[in-house]
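Structure first, then comments.
The values are calculated or read from the model by the stated rules, or taken from the named source; none is laboratory data. Just so it is clear, the structure is predicted and the values come from calculations on it, not from any experiment. Note: ideal-geometry Cβ built from the backbone for every residue, glycine included; neighbour counts use all protein chains shown.
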Amino acid sequence: MKKLGKIYTALIMFFMYMPIIVLIIFSFNDGKTTVWKGFTLNWYRDLFKDEQIIGALWNTLAIAIIASVIATVIGTMAAIGINNFKGKKRLLIQNASNIEILSPDIVTGVSLMLMFTIAGVAFHFQMGFWTVLLAHITFCTPYVVLSVLPRIRHMDYSLYEAALDLGCNQWQAFRKVVIHELMPGIFTGFLMSFTYSLDDFVITYFTRGATFQTLSVQIYTMTHQRISPKINALSALMFVAVIILMLIINIKDRREEKEQEQKVRI
Amino acid sequence: MRLKRPSIPYIAWMLVFTLVPIVLILYYSFTDRSGQLSLEAFSKAFGYTDVFLRSLWIAFISTLICLVLAYPVAYFMSRQKKSVQNFLTMLIMIPMWMNFLLRIYAWVTLLQNNGPIDTMLSFLGIHTQLLGNQNAVILGMVYEYLPFMVLPLYTVMSKIDFRLIEAASDLGANRIGVMRKVVFPLSIPGIISGITMVLVPSASTFLVAQYLGGTNDIMIGDVIDKIFWSDNHTGSAIALVLMAAIFIFLIILNLFGDEEAIAE
């Protein structure tokens, strides 16, 4: 039975990784088809020379960083405020916040596009960097609220009051006690925002206007034409980036777990 | 610290960027091009009923396959040492964070004519068209969303007290009995959130069918995408119906879940 579980899980992992590994292998293939013609690094060289892709990469990072920072600030503040609402009002706000998470990406995308188009005609602007940024903040913030709220609920208010009694002013007490206590939740929210923003295609696709390019839109263009093995090289690099990101998060989680254990011991 | 005021920016943000777009979708659904109140958009939207139903069907089948595939994995993961659990969770999450178009594209590469799988099958004397049919679309969906099923199941199962399972077997339950009477009932919240996390995106996805399916396999997401650029009104009506269908489904699913909780 134990062995069966192991074999089965290994098979599922094979199913999950095999396509990615095949792409990575073909990224080193000296030919445009899926027939092996020898080793090359040319596709990587081409990739780094492609100014459109590099430009799209910078756009993606800029959007992800700005959107997740703003979402984290708005979301953390919101969670602190929401926690002080009671009963129906609180339920209403939380449900409104969840609508964004539960509604399909494509609906969020087209509805925002509709609004930006109308606003664009009224205020003479075109969709581009700013509309994508606004859209990303919109779909990232609920995740921050979701990850900070439980932390606040479990926070010990007497710590904050103690800080005030010991001579902190409100801002100092807030910064040194509240933010410190909420930090793991805030950080999780930030990371979720950052990765969702990096990964998003659908909402970006509808709100980007005619010319603004992000990496996911660039991938869409490339995969739609299905010609260049540069896509394979890009996949390989993104795979490595994801693994690095995962390792960082994992190390952070471990550290947190250890801290928790120590707290319990004390 | 006891203030409600910090939530004002977010509430304002939701009003502008969540509420207004939904109101606009509603407005466009119930008006025609001249701005008159009309149900024309819905009558046009009804022309896509077959696509709509097919999308729900594909999403349903994909969700079911995900559930069947994921359940044993999640159970296996939950019974490992903590360090192994962390490692396996990471392994499940890594593909999830790859760009979804790249993952679908990987399957296009694998399944295409003269691609790796086709070549292997021809060695065995099997010649079939692997791409361009509904099965390929379902395969793509399952691949895309399997991690979203494994993770919630695993989270719930890892919280099951192992002593309950031991107690059940001490009291004479066989393996199937333990699964049916202990593990399964306790994992229902995980099943519900797993179904939510797979069904919602797979019912509304677009491009997967365009990449892996044939011309007759397009899904409702593809229709919204195509139509929206030319006809906002019909596009809004379809989007509205899709959103309504999903929310109704989620409400029913959660009612079902609550009842299960009450029954315990």
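For the range A:105-112, state whether one or more residues are modelled with pLDDT under 90, among the acidic types (Asp, Glu) and part of a helix (DSSP H, G or I).
no
Is there any pair linking a residue in the range B:135-150 that is free of Cβ contacts under 8 Å to residues at least 24 places away in the same chain to one that is in a helix (DSSP H, G or I) and not hydroxyl-bearing (Ser, Thr, Tyr), with Cβ under 6 Å and at least six apart or on different chains, and which?
Matching pairs, first to second residue: none at all.
Going through B:Gly115, B:Gly132, B:Gly172 one at a time, which residue ends up being farther than 16 Å from B:Gly213 by Cβ and either among the β-branched types (Val, Ile, Thr) or more than 11 Å from chain A (Cβ to nearest Cβ) (or both)?
Exactly one of B:Gly115, B:Gly132, B:Gly172 is farther than 16 Å from B:Gly213 by Cβ and either among the β-branched types (Val, Ile, Thr) or more than 11 Å from chain A (Cβ to nearest Cβ) (or both), namely B:Gly172.
Are any residues in the range A:4-42 β-branched (Val, Ile, Thr) and not in a helix (DSSP H, G or I), and if so, which ones?
Scanning the range A:4-42 gives A:Thr33, A:Thr34, A:Val35, A:Thr40.
Going by what's in this entry, would B:Met90 be described as within 25 Å of B:Ile195 (Cβ to Cβ) and either surrounded by fewer than 19 Cβ atoms within 10 Å (Cβ to Cβ) or among the acidic types (Asp, Glu) (or both)?
Taking the combined requirement at face value, the residue satisfies it.
So which residues in the range B:225-239 are within 10 Å of chain A (Cβ to nearest Cβ), more than 18 Å from the chain's Cα centre (by Cα) and in a helix (DSSP H, G or I), if there are any at all?
B:Asp225, B:Ile227, B:Phe228, B:Asn232, B:Gly235, B:Ser236, B:Ile238
Pairs, please: C-beta under 7 Å, at least 6 apart or cross-chain, first residue within 15 Å of A:Ser216 (Cβ to Cβ) and in the range B:95-122, second of a type in the set (S, T, N, Q)?
Matching pairs, first to second residue: B:Trp97/A:Thr195; B:Asn99/A:Ser216; B:Leu101/A:Ser216; B:Leu101/A:Thr223; B:Leu102/A:Ser235; B:Tyr105/A:Thr223.
Could you tell me which residue of the range B:164-216 is surrounded by the most Cβ atoms within 10 Å (Cβ to Cβ), considering only residues that are among the hydroxyl-bearing types (Ser, Thr, Tyr), in a helix (DSSP H, G or I) and within 16 Å of the chain's Cα centre (by Cα)?
Per the stated criteria, the residue is B:Ser202.
Can you name the residue in the range B:97-151 that is charged (D, E, K, R) and within 19 Å of A:Val202 (Cβ to Cβ) and, of all such residues, is surrounded by the most Cβ atoms within 10 Å (Cβ to Cβ)?
My answer is B:Glu144.
Yes or no: A:Val132 more than 7 Å from chain B (Cβ to nearest Cβ), at pLDDT 90 or above and crowded, with 21+ Cβ neighbours inside 10 Å?
When the stated conditions are applied, A:Val132 passes them.
Would you be able to say whether some residue in the range A:48-71 is farther than 24 Å from A:Ile219 by Cβ, assigned to a helix (DSSP H, G or I) and either in contact (Cβ under 8 Å) with a residue 24 or more places away in the chain or at the interface with chain B (Cβ under 9 Å from one of its Cβ atoms) (or both)?
Yes, the conditions are met somewhere in the range A:48-71.
Looking only at helices (runs of 4 or more DSSP H) that fall completely inside the range B:1-120, which ones have 2 or more residues that are at pLDDT below 90, farther than 27 Å from B:Ala239 by Cβ and under 28 Å from the mean Cα position of the chain (by Cα)?
The helices (runs of 4 or more DSSP H) meeting that bar are B:82-96, B:100-111.
Identify, from the list A:Gly120, A:Gly109, A:Gly81, A:Gly87, the residue that is free of Cβ contacts under 8 Å to residues at least 40 places away in the same chain and either touching a strand residue (DSSP E or B) at 6+ places or on another chain (Cβ under 9 Å) or buried (at least 18 other Cβ atoms within 10 Å of the Cβ) (or both).
A:Gly81
Yes or no: A:Ala96 within 8 Å of chain B (Cβ to nearest Cβ), part of a helix (DSSP H, G or I), without any contact (Cβ under 8 Å) to a residue 40 or more places away in the chain and among the hydrophobic types (A, V, I, L, M, F, W, C)?
Yes: the conditions hold for A:Ala96.
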